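Right, one structure below, let's go through it.
No lab work stands behind these numbers, since they all come straight from the coordinates. Please read all numbers here as calculations on a predicted model, not as lab measurements. Ideal geometry is used to build each Cβ from the backbone, glycine not excepted, and the neighbour counts take in all protein chains shown.
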Amino acid sequence: MLNTCIFCEIISGRVSSDKVFDDDMLYAFRDVNPQSPVHIVIVPKKHISTLGEVCESDEVVLGHIQVIASKIAKEFLSLKNGFRVVSNCGYDGGQTVYHVHYHLLGGRVFKWPPG
């Protein structure tokens, strides 16, 4: 059996999701296991396994993620008091799905350090 990436399946529409944003580079959806009142997952449509594997050609899409995270937070979700954007990298970093993605978290006050 072939290994499939759940995020690639979601992006393709073969697995359903609660879409929040979609353009030619990114897909964003509500997390099925939210860790805060607002929990959006932002995924590049290009499959990149981890942040440790990005290259210079990925710079545009990774920068676009930052712009869109801000837009989603402010315009679509009204997170005017702030939000957190997190990306886990590799096993030690807590990554469980090996497709680069960012968690947009909001709706409560976050503490530091996070873990």
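Inspection of segment 55-67 identifies at least one residue that is free of Cβ contacts under 8 Å to residues at least 40 places away in the same chain, among the polar types (S, T, N, Q), part of a helix (DSSP H, G or I) and in contact with a strand residue (DSSP E or B) (Cβ under 9 Å, 6 or more places away or on another chain).
Taken as a whole, the condition of being part of a loop (DSSP other than H, G, I, E, B) and surrounded by fewer than 16 Cβ atoms within 10 Å (Cβ to Cβ) does not apply to residue 74. Just so you know, in segment 35-54 the residues that are outside any helix (DSSP H, G or I), under 18 Å from residue 95 (Cβ atoms) and free of Cβ contacts under 8 Å to residues at least 60 places away in the same chain include one that is farthest from the chain's Cα centre (by Cα), and it is 54. Being over 12 Å from the mean Cα position of the chain (by Cα), free of Cβ contacts under 8 Å to residues at least 24 places away in the same chain and at positive phi is a property that residue 13 has.
Criterion applied to 79, 105 was being within 11 Å of the chain's Cα centre (by Cα), farther than 19 Å from residue 4 by Cα and crowded, with 17+ Cβ neighbours inside 10 Å, and the one residue passing it is 105. Only one entry in 23, 18 is in contact with a helix residue (DSSP H, G or I) (Cβ under 8 Å, 6 or more places away or on another chain), farther than 18 Å from residue 4 by Cα and free of Cβ contacts under 8 Å to residues at least 60 places away in the same chain, namely 23.
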